[in-house]
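Take a look at the structure set out below.
The values are calculated or read from the model by the stated rules, or taken from the named source; none is laboratory data. Small disclaimer: the values here were computed from a predicted structure and weren't measured. Methodologically, a virtual Cβ is constructed for each residue, glycine included, from the backbone with ideal geometry; neighbour enumeration extends over all protein chains shown.
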Amino acid sequence: MYNSVSTKAEEFICDEEIEQVIDFSKKNYLDKEIINEILSKAENFEGLDYKEVAILLQCLKNKQDDVIDRVKKIAMKIKQHIYGNRIVFFAPLYLSNYCVNACRYCGYNHSNCNMKRKKLTQDEIKREIIALQDMGHKRLALETGEDPVNCPIDYVLESIKTIYSVKHKNGAIRRVNINIAGTTVENYKELKEAGIGTYILFQETYHKKTYEKMHPKGPKSNYAYHTESMDRAYQGGIDDVGIGVLYGLYDYMYDTIGMMMHIKHLEDTYGVGPHTISLPRMRFASGVDLHDYQNISDDIFFGIVAILRCAVPYTGMIISTRESKESRKELLKLGITQLSGGSCTGVGGYADSDKDEEDTQQFNVDDTRSLDTIMHDLCKDGYIPSFCTACYRSGRTGDRFMKLAKTGEISNVCQPNALMTLKEYIMDYASEETKKYANDLIEKEIQNIKDEKIKNTVKARLKLIENGDRDFKF
């Protein structure tokens, strides 16, 4: 029985309900009146529910190109209206690849004998942080395999403390987001007290039988415990969470509808949905045969991204370096708001950048550009790369952030903060070619700040940044 506020995973992610919704979408995706109502709702920034998303996914599946073209145009309109040209940046930091799980799609699979196991010491973490700071990063996503012996929660907490302690030249990691296995309410409380930003956990697939097939051994094999992790995170005081599925494990319609049901569950139960949605596709990893998984074409994937942007207009959407330079450029137009850059998915790969880390990496990356090259390309295309972490540090999280986002007030701080963090990057890390495009972009974008008082304050602070001051925020 489907129940969005149930505490049981198989009730708030109900297989029978998803199958019925898919069947409903097959019968109604050609109904122009229904389509027009859905698109009108999306265009008014009202968001969509999982049934409406199912209709649009059915249009995508059946190549209703006129509908999907309209969806993409609305997605671009939403992106520009709510987020403008800002693109937030982060980097993943892998602490350990020890893992007791046997996830079939992951290089960290416990049974993968070709994986060189490694765990960073606190001194090695400091070296990684200095390397990341020297690239220009301010925000990290902490990643580990699941291993209660080699990577216990105390090690993660100690590592967070180490990361925040490192101040190198003008560098500082201002926000650590966490992507670790589902854990207990008490552990989530400790993570909150340690000052994490967003707690991230991918469902991988919402289809229970496929989930159990993909996770045959280890604690992650428990579908209910994993799926209910966000509930425990909220109960532990964490109000910013990030969800996602791994496209290619199961049918993309099923998993996208399941993810929308998860969003509804969080909104109905805790009053606020996820802060971010990550959208990874299957990529090669050590010990993984891609022929065993579904190929999600660019056309389908781009359509999914556009539909989700219409469905969750105020939720950040993330694309990692799994995607190619060309794909990421297109996806930015359809609603993506966060990118990773200069990423390494191996353990210890930032400080030892000349070393081949393939034997420790979780999966292969496709966009191998340096962070500075990505900054250059984005500024040249008119995007504002942002390293802002002000909302986390000013208490604008959870429902407080969403209230500001939905009224449009958040743009009064996001745009200025993005420009100031970009100026920091220019002064401390950018190549001469990147500086040229970035400075021109800042001069242009300052004029788009409507509030004269804020505009004048930003101009004054930019001068102070040029003279060596750092870390201004609204």
Next item on the list: Write out, first by first residue and then by second, each pair whose Cβ atoms fall under 7 Å of each other, whose residues are 6+ apart or on separate chains, and whose first residue, in the stretch 225-238, is modelled with pLDDT of 95 or more while the second is outside any helix (DSSP H, G or I) and among the small types (G, A, S).
Entry: Y225/G182; H226/G182; S229/G182
Checklist line | Breaking point among (1) within 23 Å of R322 (Cβ to Cβ); (2) buried (at least 16 other Cβ atoms within 10 Å of the Cβ); (3) hydrophobic (A, V, I, L, M, F, W, C), for A233 | finding: (1)
Notebook entry, point to check: What number of residues in the stretch 204-224 are without any contact (Cβ under 8 Å) to a residue 12 or more places away in the chain and either touching a Ser or Thr at 6+ places or on another chain (Cβ under 6 Å) or not assigned by TED's automatic domain parsing to the domain that holds S278 (or both)?
Noted result: 0
Checklist line | Odd one out for S320 among (1) closer than 21 Å to M135 by Cα; (2) in contact with a helix residue (DSSP H, G or I) (Cβ under 8 Å, 6 or more places away or on another chain); (3) crowded, with 23+ Cβ neighbours inside 10 Å | finding: (2)
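Given the structure, is Q362 of a type in the set (S, T, N, Q) and either in contact with a Leu (Cβ under 8 Å, 6 or more places away or on another chain) or assigned to a helix (DSSP H, G or I) (or both)? Give the steps one after another, and end with the answer.
On the way: of a type in the set (S, T, N, Q): yes; either in contact with a Leu (Cβ under 8 Å, 6 or more places away or on another chain) or assigned to a helix (DSSP H, G or I) (or both): no.
Taking the combined requirement at face value, the residue does not satisfy it.
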Check: Taking the stretch 387-434 on its own, how many of its residues are assigned to a helix (DSSP H, G or I), among the β-branched types (V, I, T) and surrounded by 18 or more Cβ atoms within 10 Å (Cβ to Cβ)?
Finding: 4
Item checked: Sole exception among (1) at pLDDT 95 or above; (2) within 27 Å of D289 (Cβ to Cβ) for G107, by number -> (1)
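Looking at the stretch 142-160, can you tell me whether even one residue there is more than 30 Å from S111 (Cβ to Cβ), modelled with pLDDT of 95 or more and either of a type outside the set (G, A, S) or in contact with a Lys or Arg (Cβ under 7 Å, 6 or more places away or on another chain) (or both)?
Here is the first cut: in the stretch 142-160, the ones more than 30 Å from S111 (Cβ to Cβ) are none.
Within the stretch 142-160, none of the residues are more than 30 Å from S111 (Cβ to Cβ), modelled with pLDDT of 95 or more and either of a type outside the set (G, A, S) or in contact with a Lys or Arg (Cβ under 7 Å, 6 or more places away or on another chain) (or both).
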Check: Which residue, of K72, K51, K27, is surrounded by fewer than 16 Cβ atoms within 10 Å (Cβ to Cβ), in a helix (DSSP H, G or I) and modelled with pLDDT of 95 or more?
Finding: K27
